[in-house]
Amino acid sequence: MEPISLVVPEELVSALPEGSEDAVVAMDREITQYETYINDAIGSDEGEAAAAAADVLDRLTERWEEYDGYIVELRAWGQSSIYAEVWCDFQYALIQQLYDHEELADALDRERNARIVDDGIRLGDR
């Protein structure tokens, strides 16, 4: 399996207000952490890579939902939600990029399905 490479989409960078370099640096740092975690696992085997990618996907999904909630809350208070919107879109963009890697996407789907079955079995045992 080839190592993955993730990027901050240019349209998200351009959507940020001027002076938002810190946000872009934070996004780059997050990408580096995810890439390192998954690529280290790719060096082991496909199962490890899929498990690492599933962990990252779970994290991205949690953060996507979290930032989506901030958008509503900020708007309710009459505040600008642009940063929350960009971070929400950033999480989604990374999820899409993970699935754009064909080998990883297939392994990731198998891993996620196995986790769903495993969770269902554990829930059924209670």
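So, of the residues in segment 43-82 that are in contact with a Leu (Cβ under 8 Å, 6 or more places away or on another chain) and not small (Gly, Ala, Ser), which turns out to be nearest to LEU12 (Cα to Cα)?
ILE82
Quick one: is TYR92 within 11 Å of the chain's Cα centre (by Cα) and touching a residue at least 60 places away in the same chain (Cβ under 8 Å)? So that I can check it myself, show each step before the final result.
On the way: within 11 Å of the chain's Cα centre (by Cα): yes; touching a residue at least 60 places away in the same chain (Cβ under 8 Å): no.
Considered against the rule, which asks whether it is within 11 Å of the chain's Cα centre (by Cα) and touching a residue at least 60 places away in the same chain (Cβ under 8 Å), TYR92 comes out as no.
In segment 45-62, what residues are open to solvent by less than 30 Å² (accessible area, probe 1.4 Å) and touching a residue at least 24 places away in the same chain (Cβ under 8 Å)? Quick ask: steps written out before the conclusion?
We begin by selecting, within segment 45-62, every residue open to solvent by less than 30 Å² (accessible area, probe 1.4 Å); these are 49-54, 56-57, 60.
Residues satisfying the conditions are ALA49, ALA50, ALA51, ALA53, ALA54, VAL56, LEU57, LEU60.
Kindly provide the set of residues from segment 3-16 that are within 28 Å of ASP109 (Cα to Cα) and outside any helix (DSSP H, G or I), ordered by number.
PRO3, ILE4, SER5, LEU6, VAL7, VAL8, PRO9
Could you tell me which numbered condition SER81 fails, if it satisfies all but one of (1) open to solvent by less than 60 Å² (accessible area, probe 1.4 Å); (2) in contact (Cβ under 8 Å) with a residue 12 or more places away in the chain?
Looking at each condition in turn, SER81 falls short on (2).
If I go through segment 17-44 residue by residue, how many of them are surrounded by 17 or more Cβ atoms within 10 Å (Cβ to Cβ) and not in a helix (DSSP H, G or I)?
0
The values are calculated or read from the model by the stated rules, or taken from the named source; none is laboratory data. Predicted, not measured: the structure shown is a model, and the values here were computed from it. Neighbour counts are summed over all protein chains in view; Cβ atoms, including those assigned to glycine, are modelled from backbone coordinates with ideal geometry. When the accessible area is computed, the model is the full protein with side chains, heavy atoms only, and any ligands, DNA or RNA have been set aside. Shrake-Rupley method; radii C 1.70, N 1.55, O 1.52, S 1.80 Å.
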